[in-house]
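Heads up: the structure comes next, in structure tokens.
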């Protein structure tokens, strides 16, 4: 029987082979989140990057348990802003506001 891989597994494998594309990926997922507010999609994407960086290592760095980090980044997770900020810092990024371009038309 054929064993299929999930989209997360495919994404994780891709970014392991192309780590230089993680920056653009993160920019895109946050831009998408700004437009649609889909926190489950954002957390899923962050979970993929966390696996690449090492969930246990990141959890230790930010003072969470591995399970706590996985729960925070789950589709049903509802992490606090300080948790997201700590997770982003452990990934080597920071949250920063960006002015929205508003088009009138």
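Where a number appears in this text, it was derived from the coordinates with a stated rule and is not lab data. Keep in mind the model is a prediction, meaning the values are calculated, not measured. Here the Cβ positions follow ideal geometry from the backbone for every residue, glycine too, while neighbour counts run over all protein chains shown.
Structure notes:
- With both labels modelled 7 Å from their Cα along Cα-to-Cβ, the residue 18 to residue 2 distance reads 2.3 nm.
- Stretchable slack from residue 76 to residue 102, in nm (0.36 nm times residue separation minus alpha-carbon distance): 6.2 nm
- D (Stokes-Einstein, µm²/s), Kirkwood Cα radius, the chain, 1.002 mPa s at 20 °C: 145 µm²/s
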